[in-house]
1. In segment 1-45, what trypsin sites (Lys or Arg not before Pro) fall in a loop by DSSP, with at most 14 other Cβ atoms inside 10 Å?
2. Apply the a/c threshold of 1.5 to the C-alpha gyration tensor of segment 31-105 and tell me whether it is rounded, prolate or oblate.
3. Please state the shape class of segment 2-130: rounded when a/c is under 1.5, otherwise prolate if a/b exceeds b/c and oblate if not, all from the C-alpha gyration tensor.
4. Would you check segment 2-130 for Lys pairs whose C-alpha atoms are within less than 25 Å, ignoring same-chain pairs closer than 8 in sequence, and give me the count?
5. Take every Cα pair under 8 Å in the chain that's 6+ residues apart, average their separations, divide by the length, and report that relative contact order as a whole percent.
Amino acid sequence: SEKAFVMIKPDGVKRGLIGEIVGRFERKGLQLVRAELMQLSSETARIHYGHLQSKPFFQELVDYITSGFVFAMIVEGKGAVKNARALIGPTNPAEAPPGTIRGDYGLDVEANIIHGSDSPDNAEREIKLFFRSESA
Ligand code: ATP
Ligand code: MG
C-alpha cells in the first residue's frame with residue numbers, strides 16, 4: 001500500500017500537539033511505520049522546499065522550519081497521500097475548515113503546524129530525503 005511523508009512543524013511540536021496529531025492519523029487507519037524527532041539543516045530545508053525557491057517568503061520559511069525540532073513520520077495505508085492531505089486541510093489555516101488539523105489548530109499561513117506530501121512521487125522523494133535508509 002501507499003506511503004506518505006508527514007512532518008509536524010516546529011510550532012506544532014512546541015505547542016505539544018504531537019500526540020493529538022498522531023492520534024488522528026491512527027484513528028483514520030493510516031499506520032505509523034517510522035517516526036523521528038529531528039532538527040533540519042538549512043540544506044535539507046532548502047531541498048525540501050525547492051519548489052518555493054523563487055517566493056518572497058522562501059528564506060523566512062527556511063528559518064521557520066529550522067527553528068526547532070520537527071516530528072517527521074512515514075504513514076502507510078490505502079491512498080495515504082490523499083488521505084493525509086485531507087486530514088491536514090488547506091495550506092492557510094485561517095481558511096481551513098474545522099475538523100482538519102490546520103483548521104482546528106492554526107491561523108498563520110506560514111506556521112501552519114504540519115506538512116504532508118502532495119503526490120506519491122513527492123512522498124518517495126521526501127521519504128528518501130528525511131529517512132536516508134528508507135526504501136519507499
Ligand atoms: P506543505 O508543503 O507544508 O504541506 P502545502 O502543500 O499546503 O504545505 P505549499 O504551497 O507546498 O503548501 O507551501 C509550503 C509551505 O510554505 C506552507 O505549508 C507554508 O508553511 C509556507 N507558505 C505557503 N504560502 C505562504 C505564504 N503566502 N506566506 C508564508 N508562508 C507560506
Ligand atoms: Mg506542499
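1. Here the sparse-neighbourhood loop sites are ARG15.
2. Values: a/c = 1.87, a/b = 1.26, b/c = 1.49.
Oblate shape, in that a/c is at least 1.5 and b/c is the bigger or equal ratio.
3. Working: a/c = 1.44, a/b = 1.18, b/c = 1.22.
Taking the square roots of the gyration eigenvalues as a ≥ b ≥ c, segment 2-130 is rounded.
4. 16
5. Numbers: 236 pairs, mean separation 49.4, N = 136.
Across the chain, relative contact order equals 36 percent.
Taken together, the values in this text are just the output of simple stated rules run on the coordinates, not laboratory data. Owing to the predicted nature of the structure, the values given are computational and were not obtained by experimental measurement. Heads up, the Cβs are rebuilt from the backbone with ideal geometry, glycines too, and the neighbour counts pull from every protein chain shown.
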